[in-house]
Amino acid sequence: MPAAPEQPVLRFAPSPNGYLHIGHAYSALVNQRLARRLGGKLLLRIEDIDTGRCRPEYELAIYEDLAWLGVAWETPVMRQSERFPIYAAALEDLTARGLAYPCFCTRGDVSRALSDIPDWPADPDGVPHYPGVCRGMSALERQCRSAAGRRSAVRLDMRAALGGISGPLIWREYGESDAAQQIIADPAIWGDAIIGRRDVPASYHLAVAIDDAALGVTDVVRGMDLYHATSLHRLLQRLLLISPPAYRHHDILRDDHGAKLSKSARAKSIRALRAEGESAASIRRRLGF
Ligand code: GLU
């Protein structure tokens, strides 16, 4: 008998560092529509590794606003702040394999190291590639700095990581269509990216790669602003022996001035629109649902 086809699993993964706005509503609704069309389930993941900016009241607002909009998710809800030991173990593993290293540099150290270098490359977020100051540090020096209380981030050693994989690194991209394309990942555009922050043993990139696999996500539906991040996620998946989901990056809603809504001062929160008397049905209609 042929094996039963796996049930598609989708997830909406907001960060509780502010109230959801119309761009989040769009992403959640695209997820819900696709989950229904594929006969899949929709999960919710709270991406709260940024313990300084995330607040419980924003998390509660996520549940309330989504429910008000008519978005339903299956429980349990995954909360990343409860999973730090899992991310820390992955960081240790990558470091022990020589694919990642502790970095003691502050932002100021990095700018100083780059101050005389013209035309230095930057990553897709506009952050200059790390110049490698801490990459070749001896184990003894690392130990001394840690013992002296110097805190470190963890960076991926991009060259070592790329050297350690064989075969092409690709992902299946649907965009907003029904036809998949094979996209060749290009993780080198990120340089020696931070995969463990100085304050918490995780980064967005590491946590998302691990958690999409842990939840059995088959289709990642998220905004086009994360398209280039997928190259790094694919590399982390390969290094951590995780099988990749398909990706469906959707268009980003912009304000009248072309600014991404999340960055725009004009992005009204869903609860502000609701307080002004707009109904959930009207927001859904406005977004094409
Ligand atoms: N937490 C991210 C955000 O709120 C989304 C991450 C993802 O969907 O991969 O932008």
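Within segment 207-220, take every residue that is out of contact with any Leu (no Cβ under 6 Å at 6 or more places or on another chain) and not small (Gly, Ala, Ser) and give me the one that is nearest to the ligand (Cβ to nearest atom).
208
Quick test for you: out of 231, 243, pick the one residue that is among the small types (Gly, Ala, Ser) and in contact with a Pro (Cβ under 9 Å, 6 or more places away or on another chain). Outline the logic, then answer.
Values: 243 fails: in contact with a Pro (Cβ under 9 Å, 6 or more places away or on another chain).
Residue meeting the stated conditions: 231.
Report, by residue number, each residue of segment 170-196 that is farther than 18 Å from residue 244 by Cα and out of contact with any strand residue (DSSP E or B) (no Cβ under 6 Å at 6 or more places or on another chain).
177, 178, 188, 189, 190, 191
Of everything in segment 178-201, what is among the small types (Gly, Ala, Ser) and outside any loop (DSSP other than H, G, I, E, B)? Give them in sequence order.
Narrowing segment 178-201 to residues among the small types (Gly, Ala, Ser): 179-180, 185, 188, 191, 193, 196.
Correct list: 188, 196.
Of all residues being in a helix (DSSP H, G or I) and of a type in the set (S, T, N, Q) in segment 235-275, which is modelled with the lowest pLDDT? Just the residue, please. I'd like the intermediate steps shown before the answer.
Our first condition is that a residue be in a helix (DSSP H, G or I); within segment 235-275, this holds for 235-239, 261-263, 270-275.
Checking which are of a type in the set (S, T, N, Q) leaves us with 237, 262.
Values: 237: 98, 262: 61.
Filtering segment 235-275 for residues that are in a helix (DSSP H, G or I) and of a type in the set (S, T, N, Q), the one modelled with the lowest pLDDT comes out as 262.
Considering each residue of segment 202-219, count those that are surrounded by fewer than 22 Cβ atoms within 10 Å (Cβ to Cβ) and not in a helix (DSSP H, G or I), and give that number.
4
Does residue 160 satisfy being touching a residue at least 24 places away in the same chain (Cβ under 8 Å) and in a helix (DSSP H, G or I)?
Details: touching a residue at least 24 places away in the same chain (Cβ under 8 Å): yes; in a helix (DSSP H, G or I): yes.
It is true that residue 160 is touching a residue at least 24 places away in the same chain (Cβ under 8 Å) and in a helix (DSSP H, G or I).
Take residue 232 and decide whether it is among the hydrophobic types (A, V, I, L, M, F, W, C), under 30 Å from residue 164 (Cβ atoms) and surrounded by fewer than 17 Cβ atoms within 10 Å (Cβ to Cβ). Quick ask: steps written out before the conclusion?
Numbers: among the hydrophobic types (A, V, I, L, M, F, W, C): yes; under 30 Å from residue 164 (Cβ atoms): yes; surrounded by fewer than 17 Cβ atoms within 10 Å (Cβ to Cβ): no.
In short, no.
Out of segment 90-133, which residues are surrounded by 14 or more Cβ atoms within 10 Å (Cβ to Cβ), within 19 Å of residue 231 (Cα to Cα) and not acidic (Asp, Glu)?
First, the residues of segment 90-133 that are surrounded by 14 or more Cβ atoms within 10 Å (Cβ to Cβ): 90-92, 94-95, 99-105, 109-110, 113-114, 123-124, 127-133.
Next, only the ones that are within 19 Å of residue 231 (Cα to Cα) stay: 90-91, 94, 99-100, 123-124, 127-130.
Answer for segment 90-133, where residues must be surrounded by 14 or more Cβ atoms within 10 Å (Cβ to Cβ), within 19 Å of residue 231 (Cα to Cα) and not acidic (Asp, Glu): 90, 91, 94, 99, 100, 124, 127, 128, 129, 130.
Of the residues 140, 232, which single one is farther than 23 Å from residue 9 by Cβ and assigned to a helix (DSSP H, G or I)? So that I can check it myself, show each step before the final result.
Details: 232 fails: farther than 23 Å from residue 9 by Cβ.
Step by step, each of 140, 232 is checked, and only 140 is farther than 23 Å from residue 9 by Cβ and assigned to a helix (DSSP H, G or I).
Kindly list, by first and then second residue, each pair from a residue in segment 234-245 that is of a type in the set (Lys, Arg) to a residue that is part of a helix (DSSP H, G or I), limited to pairs with Cβ atoms under 9 Å and residues at least 6 apart or on different chains.
Sorted first by the residue in segment 234-245, then by its partner, the pairs are 234/187; 234/209; 238/161.
The values are calculated or read from the model by the stated rules, or taken from the named source; none is laboratory data. These numbers come from a predicted model, not from an experiment. All Cβ positions, even for glycine, are placed from backbone atoms using ideal geometry, and neighbour counts span all protein chains on display.
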